[in-house]
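A.B. asks: Provided herewith is a single structure, encoded as structure tokens, for subsequent inquiry.
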Amino acid sequence: MMVRDLAWLVQLGETGHVTGAAAALGTSQPTLSRALARLEDDLGVRIFERTPTGVEVTPDGQLVLDAARDLVARHDQLRADLANRLDPDAGLVRLAFLDSMATTLVPRLLRAFHADAPGVKVVLSQEPAHHIRRDLDRGAVELGLTMERAPDLGWLPVQRERLVVVVPPTHRLRRRTRVDLAELADDELVTTPPGFGHSALVRALLDEAGVSPPVSFESADLATIEGLVAAGLGVAIVPEAFAGLSGSVGLALASPSATRTIGLTWRPERPLAPPAARFVEFVRGRAWAD
């Protein structure tokens with residue numbers, strides 16, 4: 001059973017006449033009759049009965065005809081959706097990104113890309129790094145913005161961000177411009193939960209400084225972390241863009257490794273659809289390079 005035969009069946013049902021349906025389809029009457037015979041033989045039912053004025057659908061044929069209309073419509077919609085998705089000027093890009101980029105990098109990047117490709121729709125998914133990897137692996141998204149460079153994934157550096165310490169507005173070090181993490185050994189830390197990429201980054205900096213401050217609160221959202229610090233509930237290490245959002249004070253870190261690199265990642269063994277490939281090349285032209 002072919003979709004073409006089902007489409008021909010639908011046309012015959014609409015015209016009620018083999019000759020008229022064949023003319024509308026641009027085929028011959030014998031060819032249409034053979035297609036109908038194939039369908040009836042395959043399904044084991046008689047779909048049409050011939051009448052003096054054409055053909056009339058049988059009760060069993062009505063069930064077939066209704067299903068054929070639905071299948072043909074779904075097939076046509078699938079082809080239209082695929083054509084739209086694969087069009088580099090009017091297709092679809094599925095992009096996952098870390099929560100911490102929601103108010104910083106992503107809006108700026110999408111504004112620039114929209115100006116370059118206004119017809120391309122970008123479907124966004126905001127999630128933690130391990131979910132981004134999961135969705136890349138199963139094909140739920142084509143691209144991810146993350147700070148974890150996996151050896152088996154494609155990687156394009158996009159932006160390097162400086163990390164700072166944020167302290168409450170009443171903190172003893174609030175008037176300093178630069179601090180060493182060792183000076184915060186006795187402060188309580190507000191950070192992301194274990195398993196988050198940012199948590200591993202913070203832990204590496206603390207280990208480098210030889211300190212292990214107690215954790216007062218954990219949150220998956222960096223803006224929430226900054227707000228907790230502003231409320232006097234601890235100190236935190238965050239990207240510089242988050243400093244001062246709710247009244248915290250940002251202090252530069254003495255460590256030269258207090259940065260994070262954001263990159264665009266994808267499954268290299270899967271060819272990217274043209275819109276996604278266009279997005280990668282657009283970003284490549286604006287990428288921070290090693």
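A.B. asks: Modelling each spin label as a point 7 Å along the Cα-to-Cβ direction, I'd like the residue 277/residue 150 distance in nm, to one decimal.
C.D. replies: Computed distance between label sites residue 277 and residue 150 equals 2.2 nm.
A.B. asks: Say R0 is 35 Å: what FRET efficiency, to the nearest 0.05, do residue 110 and residue 131 get from their beta-carbon distance? List each step's numbers first, then the result.
C.D. replies: Working: r = 20 Å, r/R0 = 0.57.
The value I calculate is 0.95.
A.B. asks: Further question on the same structure: Could you give each residue of the range 216-227 its phi-based ³J(HN,Hα) in whole Hz, using Karplus coefficients 6.51, -1.76, 1.60 with θ = phi - 60°, and x for Gly or Pro?
C.D. replies: 8, 9, 10, 8, 7, 10, 5, 5, 5, 4, 4, x
A.B. asks: Placing +1 at every Lys and Arg Cβ and -1 at every Asp and Glu Cβ, with all other atoms neutral, what dipole size does the chain have around its Cα centre, in debye to the nearest 20? Each step should come with its number before you reach the end.
C.D. replies: Numbers: 31 positive and 37 negative charges, 165 e Å.
Approximately 800 debye in magnitude.
A.B. asks: Continuing with this model, one more query. For residue 170 and residue 254, what is the calculated FRET efficiency with R₀ set at 22 Å and r taken between the beta-carbons, to the nearest 0.05?
C.D. replies: Values: r = 23 Å, r/R0 = 1.03.
E(calc), rounded to 0.05, equals 0.45.
A.B. asks: If I model a spin label at residue 186 and residue 284 as a point 7 Å from the Cα along the Cα→Cβ vector, what separation in nanometres do I get?
C.D. replies: Computed distance between label sites residue 186 and residue 284 equals 5.4 nm.
A.B. asks: Only Cα pairs under 8 Å and at least 6 apart count here; give the relative contact order of the chain as a rounded whole percent.
C.D. replies: Working: 485 pairs, mean separation 60.7, N = 290.
RCO, the chain: 21 percent.
A.B. asks: I would also like to ask the following. Can you run phi through the Karplus equation (6.51, -1.76, 1.60; θ = phi - 60°) for the range 256-262 and list ³J(HN,Hα) in whole Hz, with x for Gly and Pro?
C.D. replies: Each residue of the range 256-262 in turn: x, 8, 7, 9, 9, 9, 9 Hz.
A.B. asks: Still on this model: Mind checking the angle between helix 29-43 and the chain's longest principal axis? C-alpha axes, 0 to 90 degrees, to the nearest 10.
C.D. replies: Orientation of helix 29-43: about 70 degrees from the principal axis.
A.B. asks: Please work out the FRET efficiency for the pair residue 46 and residue 82, using the Cβ-Cβ distance as r and a Förster radius of 51 Å; give the result to the nearest 0.05. Present the calculation step by step, with values, prior to reporting the outcome.
C.D. replies: Numbers: r = 35 Å, r/R0 = 0.69.
E between residue 46 and residue 82, to the nearest 0.05, is 0.90.
Coordinate-derived values only; no laboratory data. Everything numeric in this text was worked out from a predicted model, so none of it was measured. Neighbour counts are summed over all protein chains in view; Cβ atoms, including those assigned to glycine, are modelled from backbone coordinates with ideal geometry.
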